[in-house]
Amino acid sequence: MVHWTDAEREAINTFWAKIDHEEVGHQALTRVLVVYPWTQRYFSTFGNLSNATAIAGNPKVRAHGKRVLDALGDAITHLDNVSATYAKLSQLHSEKLHVDPENFRLLGETLIIVLAGHFGAAFTPTIQATWQKFLAVVIAALSKQYH
Amino acid sequence: MTLSAHDKELVAKTWTKIAPKAAQIGGEALGRLIAVFPQTKTYFSHFADHSASSPQIKAHGAKVLGAIGQAVSGIDNVSASLSKLSELHAYNLRVDPVNFKLLAHTLLVTLSAYLGAEFTPEVHLAWDKFLALVATVLSEKYR
């Protein structure tokens with residue numbers, strides 16, 4: 001079980017309350033698809049992903065970004081048991097979606113960059129460290145059922 | 001993954017914007033590295049204070065970003081621009097190359113924090129590629 005200090009729980013929950021799931025999810029997923037274009041291979045049914053403008057304007061990208069952030073919310077409400085919370089999602093990513101777990105890391109890093117863009121100086125080094133720890137826990141949980 | 005003309009243009013434009021705050025940005029990027037990846041402190045054990053908020057860390061971060069600025073000016077031949085630093089890292093500092101990626105990440109985070117919406121996905125892409133190139137050049141002579 002992961003140990004969270006009160007300060008860490010506070011940092012995660014306070015920022016989560018201020019995050020617009022759709023907007024942040026959309027920006028994070030857009031950035032992943034633009035900065036790491038090979039990730040587009042997982043979204044062949046999404047239509048036009050031919051350039052940054054198309055990706056940013058794509059409604060399926062927006063919807064999926066929100067979905068990802070909503071799922072992140074589940075982890076936040078179950079901080080003391082992210083592994084169990086994500087067991088089914090992990091299986092899904094492994095057995096149905098066949099997502100290379102490296103992509104979880106890319107999305108995690110990108111999300112941190114988006115949060116920094118939104119919150120500026122308020123996203124302090126200490127807060128960043130907490131969020132990176134949280135995302136590392138999420139990534140471990142998502143990768144757990146791979147075999 | 002080579003830099004396109006457009007990538008180079010975006011990197012140069014960003015640099016012009018951040019140049020007046022380069023020292024702060026470099027200092028913050030290195031501070032974030034220490035905070036988020038505490039194992040990197042091992043390279044600064046000779047500093048009296050190697051915490052994330054240390055003035056020595058901040059000063060060193062400013063130096064690092066200054067060197068990156070040199071690479072921006074010589075973006076058509078980063079290998080030549082950073083040749084001495086490449087030797088320094090290979091023979092003296094021997095910083096494990098994995099850390100270049102970590103610093104690239106905290107620098108992107110810092111740029112995002114300072115530039116907000118101006119740090120567009122395309123600017124992010126250009127800098128991600130450019131910093132990867134810098135990392136490659138710095139580890140070029142390791143073995």
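The values are calculated or read from the model by the stated rules, or taken from the named source; none is laboratory data. Here the structure is a predicted model, which is why all the values come from computation and not from measurement. Backbone-built Cβ (ideal geometry, glycine too); neighbour counts: all protein chains shown. Accessible surface is based on the protein model in full, side chains and every heavy atom, while ligands, DNA and RNA are left aside. Shrake-Rupley method; radii C 1.70, N 1.55, O 1.52, S 1.80 Å.
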Chain A: projected area of the alpha-carbon convex hull, averaged over directions, in nm²: 8.5
Applied in sequence order to region A:75-80, the curve 6.51 cos²θ - 1.76 cosθ + 1.60 (Karplus, θ = phi - 60°) yields integer Hz couplings, x standing for Gly and Pro, of 5, 5, 6, 10, 3, 8
What is the P(r) of region A:1-54, as percent of Cα-Cα pairs per 10 Å bin from 0? 20, 34, 23, 20, 4
At the level of C-alpha centres, the distance separating region A:90-130 and region A:40-79, in angstrom, is 13
Cα-centre dipole for region A:80-132 with unit charges at Cβ (Lys and Arg positive, Asp and Glu negative), debye to 20: 100
Note on chain B: alpha-carbon gyration tensor, axes a ≥ b ≥ c; rule is a/c under 1.5 for rounded, else prolate if a/b larger than b/c, else oblate; result oblate
Which distance in nm do the two modelled labels at B:Ser53 and B:Glu87 give, with both placed 7 Å along the Cα-to-Cβ direction? 4.0
For chain A, with the dipole built from +1 on Lys and Arg beta-carbon atoms and -1 on Asp and Glu ones, taken about the Cα centre, which of A:Gly47, A:Val138, A:Leu69 lies farthest toward the positive end? A:Gly47
Have a look at region B:96-118 and report residues whose accessible surface goes down by 30 Å² or more when the remaining protein chains are included, against the chain on its own, probe 1.4 Å, ligands and DNA/RNA excluded. B:His105, B:Val109, B:Ser112, B:Ala113
Projected-area average for the protein assembly as shown over all orientations - Cα convex hull basis, square nanometres: 15.7
For the protein assembly as shown, build the charge dipole from Cβ charges (+1 Lys, Arg; -1 Asp, Glu) around the Cα centre, then report which of A:Leu115, B:Thr136, A:Val34 sits farthest towards its positive end. B:Thr136
Over chain A, with the other protein chains present, what is the accessible area per residue in square angstrom, probe 1.4 angstrom? 50
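For region B:1-78, what does the alpha-carbon gyration tensor say about shape, rounded, prolate or oblate, given a ≥ b ≥ c as the root eigenvalues, a/c under 1.5 as rounded, and a/b over b/c as prolate?
Judged from the Cα gyration tensor, region B:1-78 comes out prolate (a/c at least 1.5, a/b above b/c).
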Run the dipole for chain A about the Cα centre, Lys and Arg Cβ at +1, Asp and Glu Cβ at -1, nothing else charged, and hand back the magnitude in debye, nearest 20. 400
State, as an integer percentage, the relative contact order of region A:1-92 based on alpha-carbon contacts under 8 Å between residues 6 or more apart. 35
Report, ordered by chain and residue number, the lysines lying within cross-link reach of B:Lys58, taken as a straight Cα distance under 28 Å and ignoring same-chain residues fewer than 8 apart. A:Lys133, B:Lys8, B:Lys13, B:Lys17, B:Lys21, B:Lys41, B:Lys84, B:Lys101, B:Lys129, B:Lys141
Whole-percent carbon and sulfur contribution to the accessible surface of region A:1-138 (1.4 Å, no ligands, DNA or RNA) stands at 57
In square angstrom to the nearest 100, the accessible surface buried at the B/A interface, both sides summed with a 1.4 Å probe, amounts to 1700
Over region B:36-143, relative contact order from alpha-carbon pairs under 8 Å, at least 6 apart, %: 31
